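Here the structure comes first, spelled out in structure tokens, and everything after it is commentary.
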Amino acid sequence: MTSNFHYQNDQLHAENVALQDIAERFGTPSYVYSRAALTDAYMQFADAFKTREALICFAVKSNSNLAILNLFARLGAGFDIVSGGELQRVLAAGGDAGKVVFSGVGKTAAEMHQALEAGILCFNVESEAELERLNQVAGVMRKTAPVSLRVNPDVDAKTHPYISTGLKQNKFGVAYADALRLYRKAAGMPNLRVTGMDCHIGSQLTDASPFVAAAEKILQLVEQLASEGIRLEHLDFGGGLGIRYRDETPPSVADYANALLGALVGRKEKLILEPGRALVGNAGVLLTRVEYLKPGEEKNFAIVDAAMNDLMRPTLYDAYHEVLPVVRDATLASHVYEVVGPVCETGDFLAHEREMAIAQGSLLALMSAGAYGMSMSSNYNSRPRAAEIMVDKGAMHLVRERETVAQIFAGEKLFK
Ligand SMILES: *Cc1c(COP(=O)(O)O)cnc(C)c1O
């Protein structure tokens, strides 16, 4: 929890706005973001890397709301995208295509075409077959595609297996042992221009040493390439810096930056980073209301109006989100609850065994929900997606309307 979410007279606030007022005006479930927290997180990165040329590319998949993309664009950010849809979002939000890097293992020819047309900064290519397709698509368009190869440095990020991406067994990137051959091949392809090298070893890392280990392995390849006359303009070390959800102790942005910069002493390449979670995770909460309290023989349930379709991380990764009552009420009795949603799945839980003094109708805030919350949401059980609200000092702005059921099935047709 950042200081932008805090209690004032036993009322949980985002900046100067009481979350209760947001619930009354916009309903629940709703995602609530703090502009100050987003700005502060971005500025920490910008400041930590200001001693050298660096581009902070926000990983759009962590939170793709246009207002958030627009805020980062105004702060000078670039963007790391993984689909043509994300590119359209960045452009619609006023982002600069010239600051976009395009990651992902499955880029289609249509997506490559779209990105070449827009004039992105770099394609982060993940396989030999992708190199060939990109060369072909660029040739037809009479364009030259800027490329970086995502190299798999085979280091253990020591994070959850679902979000660890830098080991040999992962689907991401090209194998370390194959990288030089593929660089030589790319350098010889007529419609490609080799401009960089990238890696991304995983997410929610709470230790800086795997980042340094990956950087050192990448630099060995960079030097080998230079000795063969293939000189790179930029090095992209991906995202992955963790945040505190509970009691994790990730390095500060400054410590993370110093560790990386230490490995880069004497190098002239421009630096690119792709943080997602570290920029938005602690800048958002999911606001939900208790529909029912259901005491049980072994467990008590707090059934809330948000569910796994709104926030999938607990179900998918067994992730922990702190749950805070929006109003601290000393007159209520405290019990231990399972916080669950209305979806018909046993896996539909948001939090286990939380002691809370709450009642039917109480509002709860699931903290640290700004990353991989709304962007992973779905319509399972025909549940319209939540509204999103941006708080800026004392003001609240609706930055995404609550979806309607009619919108959910608008594209469906009956047949005879
Ligand atoms: C998901 C992803 C990121 C962002 O990861 P975080 O852990 O949210 O910082 C960056 N780069 C790539 C290639 C990704 O897939």
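The values are calculated or read from the model by the stated rules, or taken from the named source; none is laboratory data. Just so you know, these numbers come straight off a predicted model, no measurement behind them. Using ideal geometry, Cβ is built from the backbone for each residue, glycine included, and neighbour counts are taken over all protein chains shown. Please note that ligands, DNA and RNA were not included when accessible areas were found on the heavy atoms of the full protein model with its side chains. Shrake-Rupley method; radii C 1.70, N 1.55, O 1.52, S 1.80 Å.
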| remark: Restricting attention to the stretch 162-190, the residues that are at pLDDT 90 or above, open to solvent by less than 10 Å² (accessible area, probe 1.4 Å) and out of contact with any Lys or Arg (no Cβ under 8 Å at 6 or more places or on another chain) number exactly 4
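From the set of residues in the stretch 184-214 that are part of a helix (DSSP H, G or I) and more than 21 Å from Leu279 (Cα to Cα), which is nearest to the chain's Cα centre (by Cα)?
If we take residues in the stretch 184-214 being part of a helix (DSSP H, G or I) and more than 21 Å from Leu279 (Cα to Cα), then Ala214 is nearest to the chain's Cα centre (by Cα).
So that you can scan it fast, the table gives a plain yes or no per residue for (1) surrounded by fewer than 19 Cβ atoms within 10 Å (Cβ to Cβ); (2) among the hydroxyl-bearing types (Ser, Thr, Tyr); (3) over 30 Å from Leu260 (Cβ atoms); (4) at pLDDT below 95:
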position: His6; (1), (2), (3), (4): yes, no, yes, no
position: Gln11; (1), (2), (3), (4): yes, no, yes, no
position: Ala14; (1), (2), (3), (4): no, no, yes, no
position: Val17; (1), (2), (3), (4): no, no, yes, no
position: Ala23; (1), (2), (3), (4): no, no, yes, no
position: Ala37; (1), (2), (3), (4): no, no, no, no
position: Phe45; (1), (2), (3), (4): no, no, no, no
position: Ala48; (1), (2), (3), (4): no, no, no, no
position: Arg52; (1), (2), (3), (4): yes, no, no, yes
| field | Residues of the stretch 56-77 satisfying the condition of being over 19 Å from Asp40 (Cβ atoms) and surrounded by 18 or more Cβ atoms within 10 Å (Cβ to Cβ) | value | Val60, Lys61, Ser64
| Which residue, of Glu130, Glu117, is within 30 Å of Ala177 (Cβ to Cβ), in a helix (DSSP H, G or I) and of a type in the set (Asp, Glu)? | Glu130
| query | Does the stretch 151-161 contain at least one residue that is part of a helix (DSSP H, G or I), under 27 Å from Met312 (Cα atoms), modelled with pLDDT under 95 and within 16 Å of the ligand (Cβ to nearest atom)? | reply | yes
| task | Evaluate the following for Gly85: is it more than 16 Å from Arg400 (Cβ to Cβ) and either within 16 Å of the ligand (Cβ to nearest atom) or open to solvent by 30 Å² or more (accessible area, probe 1.4 Å) (or both)? | result | no
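Hey, any hits in the stretch 405-416 for a residue that's in contact (Cβ under 8 Å) with a residue 40 or more places away in the chain and either open to solvent by 10 Å² or more (accessible area, probe 1.4 Å) or over 18 Å from Phe26 (Cα atoms) (or both)?
There is no residue in the stretch 405-416 that is in contact (Cβ under 8 Å) with a residue 40 or more places away in the chain and either open to solvent by 10 Å² or more (accessible area, probe 1.4 Å) or over 18 Å from Phe26 (Cα atoms) (or both).
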| field | Single match in Ala263, Ala254, Ala319, Ala302 (criterion: away from the ligand (no atom under 16 Å from the Cβ) and either farther than 30 Å from Lys158 by Cβ or in the same structural domain as Phe349 (by TED's automatic domain parsing) (or both)) | value | Ala302
| remark: All-but-one check, Leu66 against (1) more than 21 Å from His397 (Cβ to Cβ); (2) more than 10 Å from the ligand (Cβ to nearest atom), failing number (1)
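Yes/no per residue for (1) at pLDDT below 95; (2) among the acidic types (Asp, Glu):
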| residue | (1), (2) |
| --- | --- |
| Lys294 | no, no |
| Glu297 | yes, yes |
| His335 | no, no |
| Cys344 | yes, no |
| Ala351 | no, no |
| Glu355 | no, yes |
| Met376 | no, no |
| Taking into account only those residues within the stretch 339-376 that are among the polar types (S, T, N, Q) and open to solvent by 20 Å² or more (accessible area, probe 1.4 Å), which is farthest from Ala59 (Cα to Cα)? | Gln360
| task | Please go through the stretch 133-148 and pick out each residue that is in contact (Cβ under 8 Å) with a residue 24 or more places away in the chain, open to solvent by 40 Å² or more (accessible area, probe 1.4 Å), part of a loop (DSSP other than H, G, I, E, B) and not polar (S, T, N, Q). | result | Lys143
| request: From Lys50, Lys107, grab the single residue that is under 23 Å from Gly196 (Cα atoms), away from the ligand (no atom under 16 Å from the Cβ) and assigned to a loop (DSSP other than H, G, I, E, B). | output: Lys50
| said: Can you tell me which condition Asp247 does not meet? The list is (1) charged (D, E, K, R); (2) under 30 Å from Ser3 (Cβ atoms); (3) within 13 Å of the ligand (Cβ to nearest atom), and all the others hold. | reply: (3)
